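Where a number appears in this text, it was derived from the coordinates with a stated rule and is not lab data. These numbers were taken from a predicted model, which means no experiment stands behind them. As a convention, Cβ positions derive from the backbone with ideal geometry for all residues, glycine included, and neighbour counts pool all protein chains shown.
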Amino acid sequence: MKVLYIKASPKPKDESASHRIAEAFIEEYKKNNPEDEVTELNLHDKGCSYVNYEILCDSFERKGLMVETANEFIKYDKYIISSPMWNLSIPAILKAYIDLITVKGITFKYSKLGIPIGLAKGKKTVYLGSRGGGYPFPLSLIAFDMRYIKYIFRFIGIKNFKSFILENVDKSPEKTKQNFEKNLEKVRKLARKF
């Protein structure tokens, strides 16, 4: 199995809750799946172009950055995404990457009736997120980070979607620190089933 680990936080690992929970997940995953190949894609190290007119036009001609990025993405069997929630959503660089991989004819197509059909069927995704505050219902209705990832991946055909979100990282840092190992065990349990 080929696994793509997508990192969306610009912070160094020791300052990023999403990186640390993802590292624990990957360590446990590798322990249980030693034959699988895990490739790390740090969006901030790599740089990620935002779709502009030229990039978009190239994709209509089946060439250029969107086509290359989507073709590379679709080669993987599983996806691990680590990301903080920023302003109720995901970081712009992660959205830019999603725009590059959501390409008609590679990750989705339209039926004769114009209904989108995902082409990344049979794959798996896990979203490992962190949030500065807590978002219990009804506040959960305005937290779009995990929901957006879940539905855009479903749009491209990936229905096997799991998630773990560490909340109150900034609101209750001492409590987060005290419970961190307990949360890492939940993440490791998730990794064993991925």
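For the reader, a short list of remarks on this structure follows.
- Annotation: aspartates and glutamates with alpha-carbon distance below 14 angstrom to LYS63 (same-chain offsets under eight excluded): GLU54, GLU72.
- GNM result for the chain, Cα springs below 10 Å: residue of PHE60, PHE25, PHE144 fluctuating most strongly: PHE60
- Annotation for segment 86-130 versus segment 1-74: alpha-carbon center distance of 13 Å.
- Three-way shape label, the chain, alpha-carbon gyration tensor, a/c 1.5: prolate
- When only the Cβ of Lys, Arg, Asp and Glu is charged (+1, +1, -1, -1), the dipole of the chain relative to its Cα centre reaches about 880 debye.
- Rounded tilt (10° steps) of 180-192 against the dominant C-alpha axis of the chain: 40 degrees
- Helix-only CD estimate at 222 nm, as mean residue ellipticity for the chain, using -39500 (n - 2.57) per DSSP H run (n ≥ 4): -11500 deg cm²/dmol
- Seen against the Cα atoms of the chain and their longest principal axis, helix 92-101 is set at about 40 degrees.
- DSSP finds beta bridges in segment 72-194, and of those with both partners inside it, around 20 percent are antiparallel.
- The chain: relative contact order as a whole-number percent, Cα under 8 Å and 6+ apart: 26 percent
- Rounded to the nearest Hz, the phi-derived 3J(HN,Hα) couplings of segment 16-27 under the Karplus curve 6.51 cos²θ - 1.76 cosθ + 1.60 (θ = phi - 60°) are 10, 5, 5, 5, 5, 5, 5, 4, 5, 4, 5, 4, where x marks glycine and proline.
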